[in-house]
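See below for the structure under consideration.
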Amino acid sequence: MIPFNRPPYTGKELDYMAQAVLVNHKLCGDGPFTKQCHALLEQQTGSPRVLLTTSDSDALEMAALLCELKPGDEVIMPSYTFCSTANAFVLQGAVPVFVDVRPDTMNIDETKIEAAITDRTRVICAVHYAGIGCEMDTIMNIAHRHGLLVVEDAAQGVMASYKGRALGSIGDFGCFSFHETKNYSMGEGGAVLVNRPELVEKAETIREKGTNRSRFLRGQVDKYTWVEYGSSYLPSDINAAHLLAQLEMADEINRDRLDSWHYYEEGLAPLRDAGKLRFLEPPAECAHNAHMFAIRVKDLEERTALTSFLKERDITVSFHYVPLHSSPAGRKFGRFHGENVYTDRESDRLTRLPMYYGLSRAEQDQVIDAIFDFFGQKR
Ligand SMILES: *Cc1c(COP(=O)(O)O)cnc(C)c1O
């Protein structure tokens with residue numbers, strides 16, 4: 001049985017978690033393990049401030065609060081994404097305006113953003129699908145010309161870059177996920193990258209129930225009080241301990257995943273060249289992190305048949321997003337702008353192959369062989 005995902009595990013997680021409980025006696029947020037995660041992530045991304053959160057969804061909520069939206073403001077995003085991307089802004093009364101994706105990467109089509117801008121538009125939210133960067137130079141340029149903010153949903157983009165810059169560190173705010181299905185995990189968790197130094201203090205306040213506790217702990221104020229709106233977005237140091245074990249091995253995990261990604265690419269290339277499959281096509285300026293290996297077949301019918309065929313062989317594959325504009329909440333809260341050429345068509349055709357840290361070549365051979373068999377071809 002080959003699962004679709006196995007949460008990453010490096011071997012040090014339990015030691016570190018025991019240390020949080022038995023040695024540090026620090027189970028709440030912002031303990032020593034959280035601080036080490038912050039330092040490693042700031043070093044790796046170059047962002048001036050990275051703060052662990054309880055999820056990517058919560059990091060997006062923090063980013064939405066930092067954007068200071070008013071009801072009716074509009075946020076441009078792809079429809080092909082997870083509902084959390086939209087929820088964060090809808091909770092602030094904003095309207096998601098969905099635009100089409102590019103067929104090569106399934107990322108927002110940057111050439112269709114400008115036509116969707118109205119006098120209510122405040123934010124562009126770029127989702128880096130599969131850890132492959134969006135066309136950020138173009139997106140940042142549009143944002144500057146129209147006075148918009150940019151939030152990067154880099155849930156899948158930890159350790160990936162665009163023109164040498166870490167995903168999540170390019171826009172005004174970036175958001176990471178450390179859910180167990182992502183490349184680095186703390187069970188449930190995430191991080192917000194605050195790339196505007198003047199907003200770091202406000203971000204710390206919002207994350208700590210709207211209090212100035214961070215300044216108080218640094219000795220910058222002598223009273224700890226409620227100063228701003230906020231919530232509780234900081235995770236337990238036990239979860240941070242789990243994550244630290246993985247961030248310390250981030251290069252090794254990334255290399256392992258990329259090796260598996262390239263093995264699929266090479267193994268399945270004959271089917272791609274025969275026109276049976278299409279892969280995601282990372283542009284040269286994007287160093288991705290092998291978050292997923294996605295294949296696209298002819299249509300929904302063929303995908304359904306392939307999924308059952310692989311299931312018979314104990315291989316689990318997983319399709320992905322139902323585009324948000326077609327969901328009940330998407331219809332209620334948002335709208336699609338422009339022509340939907342690729343969003344529906346490509347999402348119907350796409351499925352993701354088993355991919356995790358430690359995936360073996362023998363397991364991959366089984367998957368590749370089974371896909372060749374499905375198409376009635378010899379490997
Ligand atoms: C996983 C994911 C999320 C949600 O992350 P959580 O940490 O579970 O909140 C949001 N957006 C995208 C693009 C994701 O891949």
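The values are calculated or read from the model by the stated rules, or taken from the named source; none is laboratory data. Computed from a predicted model, the values in this text were never measured in an experiment. In this analysis, Cβ positions are derived from the backbone assuming ideal geometry, glycine residues included, and neighbour counts consider all displayed protein chains.
Going through (1) surrounded by fewer than 15 Cβ atoms within 10 Å (Cβ to Cβ); (2) within 23 Å of G31 (Cβ to Cβ) one by one, E201 falls short only on (1).
Any residue in segment 65-83 that is at negative phi, assigned to a helix (DSSP H, G or I), modelled with pLDDT of 95 or more and not aliphatic (A, V, I, L, M)?
Yes: one or more hits.
Tell me yes or no: at least one residue of segment 112-121 is crowded, with 24+ Cβ neighbours inside 10 Å and within 18 Å of T85 (Cα to Cα). Yes, because at least one residue in segment 112-121 is crowded, with 24+ Cβ neighbours inside 10 Å and within 18 Å of T85 (Cα to Cα).
Among the residues of segment 34-55, those that are within 16 Å of the ligand (Cβ to nearest atom) and either part of a loop (DSSP other than H, G, I, E, B) or touching a Gly at 6+ places or on another chain (Cβ under 6 Å) (or both) comprise T53, T54, S55.
Determine, yes or no, whether L247 is under 29 Å from P7 (Cα atoms) and in contact with a Gly (Cβ under 6 Å, 6 or more places away or on another chain). Please lay out each step first, then the result.
Details: under 29 Å from P7 (Cα atoms): yes; in contact with a Gly (Cβ under 6 Å, 6 or more places away or on another chain): no.
So L247 fails the test.
Within segment 111-122, can one find any residue that is over 20 Å from S185 (Cβ atoms), touching a residue at least 60 places away in the same chain (Cβ under 8 Å) and in contact with a helix residue (DSSP H, G or I) (Cβ under 6 Å, 6 or more places away or on another chain)? No.
Set side by side, the residues R278, R352 differ, and just one is under 19 Å from the mean Cα position of the chain (by Cα) and crowded, with 17+ Cβ neighbours inside 10 Å, which is R352. If you go through segment 269-325 and pick out every residue that is farther than 14 Å from E346 by Cβ and out of contact with any strand residue (DSSP E or B) (no Cβ under 8 Å at 6 or more places or on another chain), you end up with 23. Of the residues making up segment 291-320, those that are among the aromatic types (F, W, Y) and surrounded by fewer than 20 Cβ atoms within 10 Å (Cβ to Cβ) are F309, F319.
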